[in-house]
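Participant: This structure is in C-alpha cells; I'll ask about it shortly.
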Amino acid sequence: MQTVVVDNLSKCYKQAVALKNITFGVDAGEIFGFIGPDGAGKTSLFRILVTLLLPTDGTATVLGYDVVKDYKKIRNKVGYMPGKFSLYQDLTVEENLNFFATIFSTSIEENYHLIKDIYSQIEPFKKRRAGALSGGMKQKLALSCALIHKPEMLFLDEPTTGVDAVSRKEFWEMLKSLKNSGITIIVSTPYMDEASLCDRVALIQNGNILKINKPDVITTTFEKKILAIRSSNMHKLLSDLNSFEACDSAFLFGQTIHYTAKQNNLMMPELQNYLTGLNHLQVEINPIEANIEDCFMSLMNQAS
Amino acid sequence: MKHFKGFVIKEFYHIFRDRRTLAILFIMPIIQMLLFGYVVTNEIKDAKIGILDHSQDVVTRKITDKLASSGYFIITKVLSNETEIEDCFRKGTVKEVVVFEPDFAIKLERDNKASIHLIADASDANTANLIVNYTSAIVNDYVTKENKTVTIPMQIGIESRMLYNEELKGVYMFVPGTMALILILISALLTSVSIVREKELGTMEILLASPLRPLQIIIGKVMPYAVLSFVNVITILLLSNFVFGLPIQGSILLLLLECMLFIILSLSLGIFISTSTNSQQTAMMISMMGLMLPAIMLSGFIYPLENMPLILQWICHINPSTYFIIIVKNIMLKGLGIMSVWKETLVLLGMIVFFITMSVRKFKIRLE
C-alpha cells in the first residue's frame, strides 16, 4: 500500500516556481529520503503534504486523504517536524513535550513507549529550557514532540541540518528503529551521504525530481567510471583537472578528487603525463566504485 | 477541553517567564495611575507665591494667613518693594505675587473698597489662570465672611457648583481614560504581539499542522490576557478608590461587565491586527499608533471632543475608547444605570462582532 501518492504536483509562488509537475509514491513502512540543495523545493513539498500549503496544480494524498479536502484528518495522523526549530524556547523540555501531548489529546505517560529511546537521552535535562539545549538535543526533543501522538507517518524536514556528526548518526539510528515499529518516514536532507541510510531516495533539484530509487540501485546502475586522484597540491590539481580536455567533471571529495571523463574514456596514461607535466608531485590515480554522492553530482550536473 | 487547558497553561508560562511582559502587565498600570494622579494634574497644590504687603495691617495679615492655610499655596517669599517682583519671576521661585496696596484696611473700612494686585507667571498660562482664580476666590470668600454686616451696594454674588466633581479633582477625569489605555495596551497590544510571535518563531506552523482548530488556538492565546486585563481593572478601581478617594457611584457589577466588554473588544482588535501581519514589530507599531495613541489623544481622555477639528471628531467616533470612557464616566462618576449607556454599549458590541467576523475570515488555516 502506498501511504503518499503525489501526482503531477506543482507549486508556484508569486515570483518563483517551487515544484514542477512532480509525481511519486511512498510505500508503507519505508524511509523515503528527499536529497537536494537549498531551494530545491523540499520544504514546499513537505508543507503541501502536511496540509500547510495548497498546491497550485496536481493532487496529493497522504494515508489516503486528499491534502486539500481532508486536511483535518491528515493533521490528526501525521507527525511533522519543520526545518526550523519550532518549539517554545522559554518552556522546559518536559513542558514542551507535555504541551504537544495535550494538544493531540494524549499524555506523555500514555505514549511514553513510543519516544522512550529518544526521550530517555534528553530526560536528564527535562527541567532545562528548550532554548538552552544543544543542536542535537533540540532535534531529539523536536522528534519526541512530533512522535508523542503516535502518528502513522512522520514528515521530517531537514532534521539533521546544523547537527554534529555524532548526533546525526544517532538520529538516523532512531529513524531506523521507528521504521521497525511500522511508521512511514519521509525525510529531507541536504547531506548526500545520508541518502544511503534511506530505503529509497528521490533526488530533487529546482523543483524537479531527477531520480527515485533505492540507493544501492542508483550506485550500481551508475555507468560512469570514476577515478580518485590526489597529489601534493590539491587546489592546483582541481583546476588543472578541470582544464584537462577529456575532463567531464572533477569534484573534491574529502581527501581525493573524484574525476569522470567525457565519453567515459578515462585515458589514464595521458592524464598521468598531463599532471606530471604540470609539476604535480606524489600523484595517485585509483579507479573506484561510484558512491551515491558521485551519482547525484553527476545527475545534477546533467540537469543544470 | 483538555488540550485547551494545556494551551492556556502554556500561555501563562510564556507570560510569567518574560520580564518585559510582566512589567507591562503589572507595573505599568500602577505607574500610569500614579503618574496621571500625581504628576500630570491640573489641580493646584502647594503653589509657591510671594507676598508684597505695603499696608501691613490686620486685614492683609488675615488674608495672607488664609492664603497660606488654604493648602493650595505656600508663601515662600515676602517681598519689600516692587522691584523684587520681576526678580522673583525670573528666578522662578514663585508663581504669583500678591500685592496689597498701602492703607489696605483703612481704605476697605472707609471706601468699602480696597485693591489687591495679583501678578502671575503666565509662561505657564493654564497654571497662572488657575492660581489667580484660586487666589481671588479665597480673597472674596474672606471679604464676604468678614463683612456679613456690611451690605455692599450692587454686589453680585456668583455661586457655581461643579457637579459630579465638586472639588474639580483631576483623578475623576483620568481614571476612565487610564483604564481604556491600559486595557488597550494589554489586551490588544500584548495579544497581537504574542500571536504574531508564534508566527515569527515558526511554532504556528506546528500548531496549524496539529488537530487544534483555529478558534481553539486563538481563544487559548487570548484567554490569559483577558483574565489578566480583568485583574488590572480591579487594581485600577481599588487604587482610585483607596489612593485617590474616588468612589464608584453606580453599579459595580455593571461597571465590571462593561469593562469585560471593552476587554473582549480590545482582544478582538488584537486578534485582527495579528491576522494582518507576520512581524512582531509591525504588530506593535499598529497597536501603538492605531490604538494606543487614539486612546490617549482622540477619546476625550485628555482633550475634549468638541474642541477638535471635524475630521478628528470623526476619528473619535470610530475610536472604541471614546465610548468606553463615556460609559465609565456615566456609571462611575454619575452613578447612572444601563439606560444611560445602552447606546455606547451597543456600539462596543457591534465593534466586537465586526472585528471577530473579520478575524475569522482572515485567519488562515494554512501558511498562506
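The values are calculated or read from the model by the stated rules, or taken from the named source; none is laboratory data. The shown structure was predicted, so the numbers you read here are calculated from the model rather than taken from an experiment. In this analysis, Cβ positions are derived from the backbone assuming ideal geometry, glycine residues included, and neighbour counts consider all displayed protein chains. Each accessible area value is taken on the protein alone, full model and side chains, heavy atoms only, with ligands, DNA and RNA left out. Shrake-Rupley method; radii C 1.70, N 1.55, O 1.52, S 1.80 Å.
Participant: Name the residues of segment A:96-126, by number, that are at least 50 Å² less accessible with every protein chain in place than in the isolated chain; the surface is that of heavy atoms, probe 1.4 Å, without ligands or nucleic acids.
Facilitator: A:Phe99, A:Thr102, A:Ile103
Participant: Okay, moving on. Give, as a single signed number, the net charge of other residues whose beta carbon lies under 12 Å from the beta carbon of B:Ser70, with Lys and Arg counted +1 and Asp and Glu -1.
Facilitator: -1
Participant: Something else about it: How long are the semi-axes of the ellipsoid equivalent to chain B, from square roots of 5 times the Cα gyration tensor eigenvalues, in whole Å, largest first?
Facilitator: Working through the eigenvalues yields semi-axes of 56, 21, 17 Å.
Participant: Across every pair of different alpha-carbon atoms, what Kirkwood hydrodynamic radius in Å does segment A:2-219 reach?
Facilitator: Averaging 1/r across every pair of different Cα atoms and inverting gives 17.5 Å.
Participant: Which residue, B:Leu215, B:Met339, B:Leu34, has the largest displacement toward the positive end of the dipole of chain B when charges sit on each Cβ (Lys, Arg +1; Asp, Glu -1)?
Facilitator: About the Cα centre, the residue reaching furthest to the positive side is B:Leu215.
Participant: Which three extents, in angstrom, do the Cα atoms of segment A:201-304 have along their principal axes, listed largest first?
Facilitator: Reported extents, whole Å, longest axis first: 43, 25, 24.
Participant: Got the relative contact order for segment B:47-146 handy, in percent, Cα pairs under 8 Å and 6 or more residues apart?
Facilitator: Answer for segment B:47-146 is 32 percent.
Participant: A follow-up question, please. Run the numbers on chain B and let me know its relative contact order in percent, using alpha-carbon pairs under 8 Å that are six or more apart.
Facilitator: Relative contact order of chain B: 18 percent.
Participant: All other residues with a Cβ under 14 Å from the Cβ of A:Asn208 taken together, and with Lys, Arg as +1 and Asp, Glu as -1, what is their net charge?
Facilitator: Around A:Asn208, the charge tally is +4.
Participant: Same structure again: Enter the mean projected area of the convex hull around the alpha-carbon atoms of segment A:106-244, in nm², rounded to one decimal.
Facilitator: Approximately 12.5 nm², given one-decimal rounding.
Participant: Also: Search the structure for amide H atoms under 5 Å from the amide H of A:Asp248, placed 1.01 Å from N in the peptide plane, and list their residues when 5 or more places away or on another chain.
Facilitator: For A:Asp248, the qualifying residues are A:Thr260, A:Ala261, A:Lys262.
Participant: Determine which lysines satisfy two conditions relative to A:Lys73: a Cα distance under 18 Å, and not lying fewer than 8 residues away in the same chain.
Facilitator: Straight-line reach from A:Lys73, under 18 Å: A:Lys150, B:Lys364.
Participant: Now a separate question. Kindly report the accessible area of chain A per residue (heavy atoms of protein chains, probe 1.4 Å, no ligands, DNA or RNA), in Å².
Facilitator: 44 Å²
Participant: Using only DSSP helix segments of four residues or longer, with each worth -39500 (n - 2.57), what per-residue ellipticity at 222 nm results for chain B after dividing by its residue count and rounding to 500?
Facilitator: -19000 deg cm²/dmol
Participant: Something else now. Could you run the numbers on buried accessible area between A and B, total for both chains, 1.4 angstrom probe, in Å² to the nearest 100?
Facilitator: 2700 Å²
Participant: Give, as a single signed number, the net charge of other residues whose beta carbon lies under 13 Å from the beta carbon of B:Val227, with Lys and Arg counted +1 and Asp and Glu -1.
Facilitator: 0
Participant: Each residue of segment B:218-229 in turn: what ³J(HN,Hα) in whole Hz from Karplus with 6.51, -1.76, 1.60 and θ = phi - 60°, glycine and Pro shown as x?
Facilitator: Result, ordered by residue: 5, 5, x, 6, 8, 3, x, 5, 4, 4, 5, 4 Hz.
Participant: While we're on this one: Taking amide H positions as placed 1.01 Å from N in the peptide plane, with prolines and chain starts having none, which residues 5 or more places from A:Val283, or on another chain, fall under 5 Å of its amide H?
Facilitator: Residues meeting the criterion, in which the H sits 1.01 Å from N, do not exist here.
Participant: Got a sec? Charge dipole of segment A:46-89, +1 on Cβ for Lys and Arg, -1 for Asp and Glu; which of A:Leu49, A:Phe85, A:Gly64 is way out at the positive end?
Facilitator: A:Phe85
Participant: A follow-up question, please. With heavy atoms of protein chains only and a 1.4 Å probe, what residues of segment B:1-42 have at least 50 Å² less accessible area in the full set of chains than alone?
Facilitator: In segment B:1-42, residues shielded by partner chains: B:Lys2, B:His3, B:Lys10, B:His14, B:Arg17.
Participant: What percent antiparallel are the DSSP beta bridges of segment B:47-146, to the nearest 5?
Facilitator: Restricted to segment B:47-146, the bridges split so that about 30 percent are antiparallel.
Participant: So how compact is segment B:267-368: Cα radius of gyration and Dmax in angstrom?
Facilitator: Computed over the Cα atoms of segment B:267-368, radius of gyration and Dmax are 15.7, 50 Å.
Participant: Express as a percent, rounded to the nearest 5, the fraction of DSSP beta bridges in chain A (both residues included) that run antiparallel.
Facilitator: Around 65 percent of the beta bridges assigned by DSSP in chain A are antiparallel ones.
Participant: Still on this structure: Compute the relative contact order of segment B:263-368 as a whole-number percentage, counting only Cα pairs closer than 8 Å that sit 6 or more residues apart in sequence.
Facilitator: Reported relative contact order: 34 percent.
Participant: How big is the gap, in Å, between the Cα center of segment B:257-334 and the Cα center of segment A:117-132?
Facilitator: Comparing the Cα centres of segment B:257-334 and segment A:117-132, I get a distance of 45 Å.
Participant: I need the phi-derived Karplus couplings for segment B:198-209: 6.51 cos²θ - 1.76 cosθ + 1.60, θ = phi - 60°, integer Hz, Gly and Pro marked x.
Facilitator: So the Karplus estimates, Gly and Pro as x, are 5, 5, 5, 7, x, 6, 4, 4, 6, 4, 5, 6 Hz.
Participant: Could you report segment B:229-327's accessible area per residue, 1.4 Å probe, as an integer in Å²?
Facilitator: Accessible surface, normalised per residue, equals 46 Å².
Participant: Per-residue HN-Hα couplings for segment A:106-118, Karplus 6.51 cos²θ - 1.76 cosθ + 1.60 at θ = phi - 60°, whole Hz, x for Gly and Pro?
Facilitator: 9, 9, 4, 4, 4, 10, 4, 4, 5, 9, 3, 4, 7
Participant: At a 1.4 Å probe radius, carbon and sulfur cover how many percent of the accessible area of chain B?
Facilitator: Answer for chain B is 63 percent, counting heavy atoms of protein chains only.
Participant: Taking amide H positions as placed in the peptide plane 1.01 Å from N, state which residues far from B:Leu79 in sequence (5 or more) or on other chains have amide H under 5 Å from it.
Facilitator: B:Ile51, B:Leu52, B:Asp53
Participant: Would you calculate, for chain A, the mean residue ellipticity at 222 nm contributed by helices, counting each DSSP H stretch of 4 or more residues as -39,500 (n - 2.57) and dividing by all residues, to the nearest 500?
Facilitator: -10000 deg cm²/dmol
Participant: Let me ask something else. Could you tell me which of B:Leu267, B:Met292, B:Ile315 has its Cα farthest along the dipole of segment B:247-368 towards the positive end, charges placed at Cβ (Lys, Arg +1; Asp, Glu -1), taken about the Cα centre?
Facilitator: Projecting each Cα onto the dipole axis, the largest value belongs to B:Leu267.
Participant: Over 27 Å, how big is the tail of the calculated P(r) for segment B:1-127, in percent of all Cα pairs?
Facilitator: Result: 47 percent of Cα pairs exceed 27 Å.
Participant: Given charges of +1 on the Cβ of Lys and Arg and -1 on the Cβ of Asp and Glu, with all other atoms neutral, how large is the dipole of chain A about its Cα centre, in debye to the nearest 20?
Facilitator: Dipole of chain A, to the nearest 20 debye: 800 debye.
Participant: With no solvent and one point on each alpha carbon, what is the Debye value of log10 I(q)/I(0) for the protein assembly as shown at q = 0.05 Å⁻¹?
Facilitator: Debye curve over Cα of the protein assembly as shown, log10 I(q)/I(0) at q = 0.05 Å⁻¹: -0.45.
Participant: Would you please put A:240-249, B:224-233 in order of how densely packed they are, using the mean number of other Cβ atoms within 10 angstrom per residue and starting with the highest?
Facilitator: Highest mean packing first, the order is B:224-233, A:240-249.
Participant: Same structure again: Could you bin all the Cα-Cα distances of segment B:170-291 into 10 Å bins starting at 0 and give me the percent of pairs in each, rounded to whole numbers?
Facilitator: Using 10 Å bins, I get a P(r) of 13, 40, 27, 14, 5, 0 for segment B:170-291.
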